[in-house]
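See structure below.
The values are calculated or read from the model by the stated rules, or taken from the named source; none is laboratory data. Owing to the predicted nature of the structure, the values given are computational and were not obtained by experimental measurement. Methodologically, a virtual Cβ is constructed for each residue, glycine included, from the backbone with ideal geometry; neighbour enumeration extends over all protein chains shown.
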Number of protein chains: 2
Amino acid sequence: MAVQPRVLKGFRDYLPERMIARMRFIRRVQECFERYGFLPVETPALELAELLLTKGGDEVARQVYRFTDSGGRDVCLRYDLTVPLARMIAQHGQALPSPFKRYQIAPAWRGEKPQRGRFREFYQCDADIVGSDSLAADAECLAVGCDLMAAVGIDEYRIRISHRRILDGLAASMGVDGADAHALYRAVDKIDKIGVEGAVAEIRKFAPEVAADALKGFLDLNGVIDSLDPLVALDETKRLFGGRGAGAEGVAELRGMIERAAEMGVAAGHLAIDISIARGMDYYTGAIFETIAQRMPELGSVMSGGRYDGLIGTFSGKDVSAVGISLGLDRIFDGLAEEGELELPRSTAKVMVTLFDDEGRAAAHALARRLREVGVAVEVPLERRALKKQIRAADRGGVPYVAIQGPDERAKGAWNLKDLRSGEERAFDEEALIARLGERGEGVE
Amino acid sequence: MAVQPRVLKGFRDYLPERMIARMRFIRRVQECFERYGFLPVETPALELAELLLTKGGDEVARQVYRFTDSGGRDVCLRYDLTVPLARMIAQHGQALPSPFKRYQIAPAWRGEKPQRGRFREFYQCDADIVGSDSLAADAECLAVGCDLMAAVGIDEYRIRISHRRILDGLAASMGVDGADAHALYRAVDKIDKIGVEGAVAEIRKFAPEVAADALKGFLDLNGVIDSLDPLVALDETKRLFGGRGAGAEGVAELRGMIERAAEMGVAAGHLAIDISIARGMDYYTGAIFETIAQRMPELGSVMSGGRYDGLIGTFSGKDVSAVGISLGLDRIFDGLAEEGELELPRSTAKVMVTLFDDEGRAAAHALARRLREVGVAVEVPLERRALKKQIRAADRGGVPYVAIQGPDERAKGAWNLKDLRSGEERAFDEEALIARLGERGEGVE
């Protein structure tokens with residue numbers, strides 16, 4: 001054995017059983033985006049490092065796959081779909097409608113430590129609205145997000161919502177700003193990993209006096225509002241800030257967004273205010289969301305996003321409003337597969353047209369051709385083997401039907417169609433067989 | 001302007017107009033593969049260099065994106081989908097059916113000189129049959145190849161066919177073998193770029209005496225057989241080798257393959273024997289194909305492949321037969337787009353539900369929701385503007401219908417549906433409107 005075949009750590013092969021289900025999953029996500037009029041785009045896997053790394057933050061810079069290409073350019077693999085979108089808008093925005101609603105379903109790469117639900121190559125499913133500062137845009141992201149959850153079969157979930165201005169208000173109440181404020185957001189964001197004690201310890205480094213008290217009030221409140229109707233929770237949050245300043249502005253924006261989302265059909269029960277979420281990326285400026293699937297809380301956030309009004313301006317020099325939501329495909333897919341909630345079809349073919357004898361080969365291929373013309377997926381064995389073996393291969397391969405024509409049927413132009421799930425077998429003339437298999441909604445599609 | 005937004009040379013953004021058409025194109029290719037029972041798989045974008053670079057040849061090694069990752073591993077971006085398939089089969093073959101028919105539609109990367117129809121990031125659409133040495137497998141690749149051409153709207157094309165054993169026979173007739181034989185194949189393969197004179201000059205370097213004469217006979221023949229029925233062309237080719245040795249074996253295999261392909265419905269007119277094609281990769285062992293679209297010959301081969309029985313053994317130590325065909329998506333898509341033969345829809349939405357006044361917003365969203373539930377893609381403006389502007393935005397965005405409800409219609413629960421292509425406008429009650437827009441085969445799908 002010359003070279004031991006293996007994949008890189010944190011990367012995966014998708015064999016057909018997973019891949020068929022995965023493609024159907026992706027298709028449902030895509031249809032969901034399209035039902036809201038989001039338009040597909042694609043950006044390159046590889047971009048100039050100076051463009052991608054302007055706004056990701058330190059953690060991203062550590063994780064990104066970065067190298068010098070043979071032309072001496074400093075390049076990296078995209079680590080998300082948001083920064084490339086911003087670059088694209090800055091470059092091509094004038095050729096695009098405004099507001100512009102795009103979706104993209106594509107892989108991104110980060111060299112982070114592989115762990116459950118985290119891979120170095122992972123798919124993101126992103127929908128973003130660029131060029132609208134209306135709260136209706138934020139609300140539409142929530143609405144499409146709820147439809148996404150339904151489309152992938154997750155009924156019990158909560159989209160946890162906060163606002164960068166609420167965090168700004170918290171920072172102000174602690175008397176920190178600038179780089180310290182960003183350090184505060186990152187500490188708050190890590191509470192579920194490092195605990196309240198850990199977050200307080202981090203914050204004390206730059207705000208030794210006030211941190212513990214202010215943070216305690218904040219966290220106490222968070223424990224209370226979690227179970228409240230989001231609009232009531234916002235009232236509580238507003239009280240924390242005395243109804244003034246950045247915090248109160250954030251509260252008001254979230255209120256507007258949630259009211260708009262309700263008009264769009266978003267149930268309040270799927271939303272929760274959680275002022276401890278901050279999101280890792282430095283580029284968020286407004287509402288921020290994370291989503292917990294209640295039966296799979298260990299997966300962490302399965303869908304997240306927010307408003308990032310400053311990002312595109314980094315490239316274009318001109319501020320453009322933007323808000324988006326991103327579904328973590330791999331995390332959800334794996335979670336559902338582990339819970340046994342995904343059908344894993346082994347085949348895309350609906351019927352195997354068997355080869356009874358060599359004389360029947362031309363007829364088998366002719367039938368296969370006619371079935372394919374009406375859109376039916378057909379397998380024909382490459383070699384004639386014992387009929388029993390052909391049928392067993394179809395059954396093992398998850399092909400639901402086999403068509404058999406022995407000399408008697410051939411004389412009549414007929415085929416026996418056997419349903420391998422029920423064992424039932426029935427004779428059809430060729431036209432009837434094609435009509436039968438061509439029926440929509442039958443078999444495996 | 002902090003950072004000038006741009007993409008790397010040889011890479012592209014796909015904006016919606018191209019992307020919608022491209023996704024439909026990809027979907028047609030996918031359906032085509034599935035109609036033959038090919039199963040989808042996905043392999044990582046990044047693999048260990050020692051695995052990917054064992055079999056690509058020198059040209060590939062020069063072009064591949066290769067770097068050391070932060071863990072010190074020598075990695076590269078895949079440059080095709082065939083070598084990763086071989087690695088995957090060696091690794092997971094026992095979990096897969098045999099023969100195994102897989103398809104994959106995915107990007108690959110090569111740092112080659114960008115030129116018309118050649119990009120550094122490009123999609124390949126591959127179908128391969130692994131684990132069958134039957135000529136029916138080669139023939140099925142031709143059959144699915146012909147269906148692919150029809151599916152993407154190319155009617156006039158020729159799949160040019162040769163066989164590695166025919167080239168072996170040629171090499172033997174010139175008295176060259178080993179590395180010289182490979183150099184010969186590469187020289188032959190470049191005839192369309194460097195001309196007959198150029199190829200002869202290259203071959204003279206290692207076969208100074210016989211080259212010119214033998215090659216001349218070979219090329220004279222090739223000129224003749226191009227226009228012949230492929231089976232007749234094979235008789236002529238067989239005569240060149242005196243009916244003996246490797247060349248004659250190659251001829252016999254191609255005959256078997258073409259006869260099988262005919263049974264599967266492949267028209268002889270789409271096939272041509274062309275013994276000057278050799279394919280760049282070193283791994284081919286049997287039949288080799290390249291496809292010229294007659295109205296776009298300048299694109300070069302748009303679909304190619306062949307049999308590579310030795311490749312998987314490089315990884316597994318155990319020989320496994322394999323044959324495949326690969327469609328060059330970008331090249332064909334761009335060619336068709338330039339010829340104006342692709343519809344380029346600007347929208348995925350079928351209807352814009354307009355906002356007549358703020359009182360109507362809830363009703364507009366309620367209608368949008370009901371339409372989405374029956375699978376209709378709906379846009380609702382994020383902000384209310386003058387109705388005329390909303391309609392103009394829909395029209396510019398390529399949305400074919402707008403639904404309008406003023407106070408009069410609202411009182412009756414009715415909507416006016418305007419077809420922006422014909423200008424026709426008609427009132428519907430809400431149920432009728434949903435039924436009308438929900439009809440399949442209507443509008444833009």
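When every residue of region B:120-135 is checked against the conditions, at least one turns out to be within 11 Å of chain A (Cβ to nearest Cβ), touching a Lys or Arg at 6+ places or on another chain (Cβ under 7 Å) and basic (Lys, Arg).
Scanning region B:76-107 for residues that are surrounded by 21 or more Cβ atoms within 10 Å (Cβ to Cβ) and hydrophobic (A, V, I, L, M, F, W, C) yields B:Cys76, B:Leu77, B:Leu81, B:Val83, B:Leu85, B:Ala86, B:Met88, B:Ile89, B:Ala90, B:Phe100. Residues in region A:9-21 that are assigned to a helix (DSSP H, G or I) and either more than 8 Å from chain B (Cβ to nearest Cβ) or under 15 Å from B:Gln91 (Cβ atoms) (or both): A:Pro16, A:Glu17, A:Arg18, A:Ala21.
Just to check your reading of the model, which residue among A:Leu148, A:Leu167 is touching a residue at least 40 places away in the same chain (Cβ under 8 Å), of a type in the set (A, V, I, L, M), within 14 Å of chain B (Cβ to nearest Cβ) and surrounded by 22 or more Cβ atoms within 10 Å (Cβ to Cβ)? Residue meeting the stated conditions: A:Leu148. Among the residues of region A:71-97, those that are more than 22 Å from the chain's Cα centre (by Cα) and within 9 Å of chain B (Cβ to nearest Cβ) comprise A:Gly71, A:Arg73, A:Val75, A:Ala90, A:Gln91, A:His92, A:Ala95, A:Leu96, A:Pro97. Scanning region B:50-70 finds one or more residues that are assigned by TED's automatic domain parsing to the domain that holds B:Gly145, surrounded by 22 or more Cβ atoms within 10 Å (Cβ to Cβ) and not in a loop (DSSP other than H, G, I, E, B).
Only one entry in A:Leu46, A:Leu39 is under 17 Å from the mean Cα position of the chain (by Cα) and facing chain B (nearest Cβ under 7 Å), namely A:Leu39.
Taking the criterion of being of a type in the set (D, E, K, R) and either in contact (Cβ under 8 Å) with a residue 60 or more places away in the chain or in a helix (DSSP H, G or I) (or both), the residues of region B:195-218 that qualify are B:Glu197, B:Glu202, B:Arg204, B:Asp213, B:Lys216. Of all residues in region A:360-380, those that are at the interface with chain B (Cβ under 7 Å from one of its Cβ atoms) have Cβ atoms under 7 Å from Cβ atoms of residues that are part of a loop (DSSP other than H, G, I, E, B) and small (Gly, Ala, Ser), 6 or more apart or on another chain, in A:His365/B:Gly265; A:Arg369/B:Gly265; A:Ala377/A:Ala349; A:Ala377/B:Gly37; A:Val378/A:Ala349; A:Val378/B:Gly37; A:Glu379/A:Ala349; A:Glu379/B:Gly37.
Can you say whether A:Ala49 is of a type in the set (Gly, Ala, Ser) and farther than 24 Å from A:Gly335 by Cβ, as far as the supplied structure shows? Yes.
I want to confirm something. Restricting to region B:381-403 and keeping residues that are more than 8 Å from chain A (Cβ to nearest Cβ) and β-branched (Val, Ile, Thr), which single residue is nearest to A:Leu148 (Cα to Cα)? Looking at residues that are more than 8 Å from chain A (Cβ to nearest Cβ) and β-branched (Val, Ile, Thr), I get B:Val402. Looking only at residues that are charged (D, E, K, R) and either in contact with a strand residue (DSSP E or B) (Cβ under 9 Å, 6 or more places away or on another chain) or not assigned by TED's automatic domain parsing to the domain that holds A:Ile258 (or both) in region A:153-164, which one is nearest to A:Gly245 (Cα to Cα)? Once the filter is applied, the top-ranked residue is A:Arg164. Looking across A:Leu382, A:Leu371, A:Leu355, one residue alone is outside any loop (DSSP other than H, G, I, E, B), outside the structural domain of A:Ala151 (by TED's automatic domain parsing) and crowded, with 16+ Cβ neighbours inside 10 Å. It is A:Leu371. Quick check on B:Glu34: is it facing chain A (nearest Cβ under 9 Å), assigned to a strand (DSSP E or B) and modelled with pLDDT of 95 or more? Criteria not met by B:Glu34. Determine whether A:Asp330 is within 20 Å of the chain's Cα centre (by Cα), of a type outside the set (A, V, I, L, M) and either more than 30 Å from A:Ala248 (Cα to Cα) or surrounded by 20 or more Cβ atoms within 10 Å (Cβ to Cβ) (or both). For A:Asp330, the condition - within 20 Å of the chain's Cα centre (by Cα), of a type outside the set (A, V, I, L, M) and either more than 30 Å from A:Ala248 (Cα to Cα) or surrounded by 20 or more Cβ atoms within 10 Å (Cβ to Cβ) (or both) - is met.
Residues of region A:222-233 that are more than 19 Å from A:Val188 (Cα to Cα) and not in a helix (DSSP H, G or I): A:Ser227, A:Leu228, A:Asp229. In the set (1) buried (at least 19 other Cβ atoms within 10 Å of the Cβ); (2) over 30 Å from the mean Cα position of the chain (by Cα), A:Val251 fails one condition alone, (2). For B:Arg6, the criteria (1) at the interface with chain A (Cβ under 7 Å from one of its Cβ atoms); (2) touching a helix residue (DSSP H, G or I) at 6+ places or on another chain (Cβ under 9 Å); (3) touching a residue at least 24 places away in the same chain (Cβ under 8 Å) hold in every case but one, which is (3).
Residue by residue, here is whether (1) assigned to a loop (DSSP other than H, G, I, E, B); (2) out of contact with any helix residue (DSSP H, G or I) (no Cβ under 7 Å at 6 or more places or on another chain); (3) within 14 Å of chain B (Cβ to nearest Cβ); (4) more than 24 Å from B:Glu383 (Cα to Cα) holds:
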{"position": "A:Asp220", "(1), (2), (3), (4)": "no, yes, no, yes"}
{"position": "A:Asp235", "(1), (2), (3), (4)": "no, yes, no, yes"}
{"position": "A:Arg239", "(1), (2), (3), (4)": "no, yes, no, yes"}
{"position": "A:Val251", "(1), (2), (3), (4)": "no, no, no, no"}
{"position": "A:Leu254", "(1), (2), (3), (4)": "no, no, no, no"}
{"position": "A:Gly269", "(1), (2), (3), (4)": "no, yes, no, yes"}
{"position": "A:Ile277", "(1), (2), (3), (4)": "yes, no, no, yes"}
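Tally the residues that are within 12 Å of another protein chain (Cβ to nearest Cβ), in a loop (DSSP other than H, G, I, E, B) and in contact with a Ser or Thr (Cβ under 6 Å, 6 or more places away or on another chain), restricting the search to region B:308-320. Qualifying residue count, region B:308-320: 1. Applying the condition of being within 15 Å of B:His270 (Cα to Cα) and among the acidic types (Asp, Glu) to region B:108-152 and asking which residue is nearest to the chain's Cα centre (by Cα) yields B:Asp147.
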